[in-house]
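Student: Mind having a look at this structure? Questions to follow.
The values are calculated or read from the model by the stated rules, or taken from the named source; none is laboratory data. Every value quoted in this text rests on a predicted model; they were computed, and no experiment measured them. Because the Cβ atoms are built from the backbone with ideal geometry, glycine has one as well, and the counts that use them run over all protein chains shown.
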Amino acid sequence: MGVEDDIKRRLLDMLEKDPEFRYAVAGILGMSQTRDQLSGISKSIEKLSENQEKLWLEVKSLRENQEKLWLEVKSLRENQEKAERDIRDIKTTLQRLTLSEEEEAGEVLAAKLEEKLGVRPVFTRLFIDSKEVDLYSAFDDYWLVCEATVRFGSSMIDELNQKVELIKRSRPDLVRPKLIKAVYTIISVGDAAKKAEEQNIWVLTWKEELTPLKPTT
């Protein structure tokens, strides 16, 4: 029998006959198993820590993306508010331009009529059946209806005539024996001035008369 076999036999005898030895061996084996278990737990904890770190990085990335999204939403709101302000400014500017055009028309017409007829009339704006007449005035035997426009085209002739007829039908109290139909403009397009003269419409700009003054009865 070899030495190794003899050692094994003695160990087996001691395990069988010596309780203290048996308990010591069991304790050693238990400690070894416990160490293995602790090693496994440690590895699991390490893996959990790595996963937790990844999770925190993902949460951080989500927060950063959320912050970027809020900044984009804020920027969109600011741009929308700016666009709304720009639109309001444009509307205000257009209203001012329209008002200025009518005021300028009134000044030019008043000066021309004072020069030609010796009367400087006061003009008002009329609203009849939801239709707007830019300039109206009545003085002596005359009544004047004028449209103020930046660009005078042939369609304005029909519009002016329609408003004259509307006043005659709806507000005969505003009518006088002699009618002056007028258009104040900055630019006359095509043959609009020629057609206006054929219908006795007085067309003026700030610097000249494009057609002569011809009151009608």
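Student: Under 9 Å between Cβ atoms, at least 6 apart or on separate chains: pull out the pairs that start in region 163-177 with a residue that is of a type in the set (S, T, Y) and end on any residue that is surrounded by 14 or more Cβ atoms within 10 Å (Cβ to Cβ) and modelled with pLDDT under 95.
Tutor: Between residues of region 163-177 that are of a type in the set (S, T, Y) and residues that are surrounded by 14 or more Cβ atoms within 10 Å (Cβ to Cβ) and modelled with pLDDT under 95, the close pairs are S170/I128.
Student: OK, next. Out of K207, K194, which single residue is over 14 Å from V145 (Cα atoms), at pLDDT below 95 and among the charged types (D, E, K, R)?
Tutor: The match here is K207.
Student: Go through the residues of region 136-154 one by one and say whether even a single one is under 18 Å from I201 (Cβ atoms), exposed (fewer than 12 other Cβ atoms within 10 Å of the Cβ) and either at pLDDT below 95 or of a type in the set (G, A, S) (or both).
Tutor: yes
Student: Report, ordered by the first and then the second residue, all pairs with beta carbons closer than 9 Å, sequence separation of six or more or different chains, a first member in region 201-217 that is over 10 Å from Y184 (Cα atoms) and free of Cβ contacts under 8 Å to residues at least 60 places away in the same chain, and a second member that is part of a loop (DSSP other than H, G, I, E, B) and hydroxyl-bearing (S, T, Y).
Tutor: Once the first residue is over 10 Å from Y184 (Cα atoms) and free of Cβ contacts under 8 Å to residues at least 60 places away in the same chain and sits in region 201-217, its partners that are part of a loop (DSSP other than H, G, I, E, B) and hydroxyl-bearing (S, T, Y) give I201/T211.
Student: Could you list all residues from region 129-160 that are over 16 Å from L213 (Cα atoms) and part of a helix (DSSP H, G or I)?
Tutor: Residues satisfying the conditions are S154, S155, M156, D158, E159.
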